[in-house]
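Worksheet: the structure to be examined is printed underneath.
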Amino acid sequence: MRAYLTLLLTLAAIWGASYMFIEIALRDLEPTTMMAGRLVIAAIFLVGLMAWRGLLGRLRRVGRRVFALGLINSALPFTLIAWGQKHIDSGVAAIANATVPLFVAVLAIWLAHSERATGLRVVGIVLGLVGVGVLTGAQPEVDAWAVIGTLAVVAASVSYALAGLLLQRQTERVDTITLSTATTIGATLALLPFGIAQAPGELPGWEASASVLALGLAGTGLGILMFMKMIGDFGTFRAGLVTYLMPVTALLYGAFLLDETITALMLVGMALVLSGVALGSGLLRPSAEPDAVEPARP
């Protein structure tokens, strides 16, 4: 149990910090450039790890579809979150991104016929969406851009949910490190041209550069490996509980390190979102084994 808690809290700290690093990097970089840099660093890290373990040959056998899934698993949601954070605080983005399991439950109606959103799940989905509405209006300075920024992060959650359901079908034939590396490479190839086109005319400051490095190595490369280890050692459900801790750590980072404001309504919105996620994902379900919780990946 101690090993599980150590991994869980460490991963929540790493992924919660990702929103803070995005906020810092946005001072010098456009969202596409920042996330293209993040993906390049993560791809180099993961490819290097596969080479060290003598596994690179597996990438030739995964098929183009797996590489293409990187577009909705990383390139699109990464960019949407970063763009959204140009208009909302990092803590708000983390809470909005915690809605991923809600959209997994909704999309599973069509993509995973064994899962049906009924009873408490429907209540959870509605409750979570109400929480998003409260969160949108709870920000210190609410305007049209704040609403659009929040919705951009929610759209990223939809993308993550769709990618998770589609990738789940691939896990039966592709091992986790190969799957993670292939989707990261695909996302890098998709986003890199846009990142280069929007790159600044001068080098970014050290804080922005260090933030992108942290996002690539810790938030993406190391984070994926830690999450996969948790799945292998403790199961998908327990690993997915990191979803509930990330908004808390992100709010703390934002408040103490970025001087962001935490309002009472924001806490109410977070409570509604996380309660909705607990019900909608099957975490709170009487007399049944809870389903896996698909984590948000900032």
- Message: Given the criterion within 29 Å of Leu257 (Cα to Cα), among the hydrophobic types (A, V, I, L, M, F, W, C), in contact with a helix residue (DSSP H, G or I) (Cβ under 9 Å, 6 or more places away or on another chain) and in contact (Cβ under 8 Å) with a residue 60 or more places away in the chain, identify the matching residue among Phe67, Phe21.
- Response: Phe21
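Does the stretch 6-13 contain at least one residue that is more than 19 Å from Gly149 (Cβ to Cβ), buried (at least 21 other Cβ atoms within 10 Å of the Cβ) and not charged (D, E, K, R)?
Narrowing the stretch 6-13 to residues more than 19 Å from Gly149 (Cβ to Cβ): 6-13.
From the residues that got through so far, the ones that are buried (at least 21 other Cβ atoms within 10 Å of the Cβ) too are 11-12.
Subset that is not charged (D, E, K, R): 11-12.
Yes - at least one qualifying residue is present in the stretch 6-13.
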- Query: Where in the stretch 181-275 are there helices (runs of 4 or more DSSP H), lying fully within it, with 3 or more residues that are within 22 Å of Ser159 (Cβ to Cβ)?
  - Reply: 223-234, 236-240, 242-257
- When the stretch 153-198 is checked residue by residue, the ones that are small (Gly, Ala, Ser), at pLDDT 90 or above and in contact with a Gly (Cβ under 9 Å, 6 or more places away or on another chain) are Ala155, Ala156, Ala182, Gly186, Ala187, Ala190, Gly195
- What are the residues in the stretch 186-213 that are under 15 Å from Ile22 (Cα atoms), surrounded by fewer than 22 Cβ atoms within 10 Å (Cβ to Cβ) and either free of Cβ contacts under 8 Å to residues at least 24 places away in the same chain or among the small types (Gly, Ala, Ser) (or both), if any? Gly205, Trp206, Ala208, Ser209, Ala210
- For the stretch 135-152 the number of residues that are at pLDDT 75 or above and either at positive phi or over 21 Å from the mean Cα position of the chain (by Cα) (or both) is 3
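Does Ser211 count as in contact with a helix residue (DSSP H, G or I) (Cβ under 6 Å, 6 or more places away or on another chain) and over 21 Å from Ser90 (Cβ atoms)?
Values: in contact with a helix residue (DSSP H, G or I) (Cβ under 6 Å, 6 or more places away or on another chain): yes; over 21 Å from Ser90 (Cβ atoms): no.
The answer is no for Ser211.
The values are calculated or read from the model by the stated rules, or taken from the named source; none is laboratory data. Model, not experiment: these values are computed from the prediction. Glycine gets a Cβ as well: all are built from the backbone with ideal geometry, and neighbour counts include every protein chain shown.
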